[in-house]
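**Student:** One structure is given below, represented as structure tokens, and several questions about it will come after.
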Amino acid sequence: MNDDSQIKATKLLIDDSSNFGFHAAYLVYSKAWAENEEDGIRIELNNLIQSLADNQEDYSTFYQKINQYRKNISGNYVESPRFKSQKKRAWRKNQAKKIRISRHKK
């Protein structure tokens, strides 16, 4: 009865807050761990963070592999608005055109 389906996955506590890159990766690992309940997925997550801690993988490979286990990737980021710039002369010309059109619409 001791096959792989009976193994209970436990979360690895190997966070290194002095290393910013690893700390950020560990936070992603922790969030993915909390989102996934299956032991098979959790074992795979453990393998990913352990290989990163042992310098067997680089950060880009780690993020590529862990993204399949993350559920809400882009929900944390707010996109900043884009502004359209215009020269003062072009803006005045555009405003004059709008006023001219609105005056003759009546």
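**Student:** Scan (1) over 19 Å from the mean Cα position of the chain (by Cα); (2) surrounded by 11 or more Cβ atoms within 10 Å (Cβ to Cβ); (3) in a helix (DSSP H, G or I) for the single condition Y63 breaks and write down its number.
**Tutor:** With respect to (1) over 19 Å from the mean Cα position of the chain (by Cα); (2) surrounded by 11 or more Cβ atoms within 10 Å (Cβ to Cβ); (3) in a helix (DSSP H, G or I), Y63 is out only on (1).
**Student:** If you don't mind, there's one more thing I want to ask. Under the condition of being of a type in the set (A, V, I, L, M) and in a loop (DSSP other than H, G, I, E, B), which residue from region 9-33 is surrounded by the fewest Cβ atoms within 10 Å (Cβ to Cβ)? Steps first, answer last, please.
**Tutor:** Let us first name the residues in region 9-33 that are of a type in the set (A, V, I, L, M), namely 9, 12-14, 24-25, 27-28, 32.
With the extra rule that they be in a loop (DSSP other than H, G, I, E, B), the set shrinks to 9, 12-14.
Numbers: A9: 16, L12: 17, L13: 7, I14: 14.
Result: L13.
**Student:** Can you tell me which residue within region 66-93, out of those that are loosely packed, with under 11 Cβ neighbours inside 10 Å and of a type in the set (S, T, Y), is modelled with the highest pLDDT?
**Tutor:** Of everything passing the filter in region 66-93, S85 is modelled with the highest pLDDT.
**Student:** So which pairs qualify, if the first residue must be in region 22-44 and under 13 Å from K11 (Cβ atoms), the second must be modelled with pLDDT under 90 and of a type in the set (G, A, S), the Cβ gap must be under 6 Å, and the two must be at least 6 apart or on different chains?
**Tutor:** The qualifying pairs are D39/A9; R42/A9; I43/A9.
The values are calculated or read from the model by the stated rules, or taken from the named source; none is laboratory data. Keep in mind that this is a model prediction, so the values were computed, not measured. We place every Cβ from the backbone using ideal geometry, glycine too, and count neighbours over all the protein chains shown.
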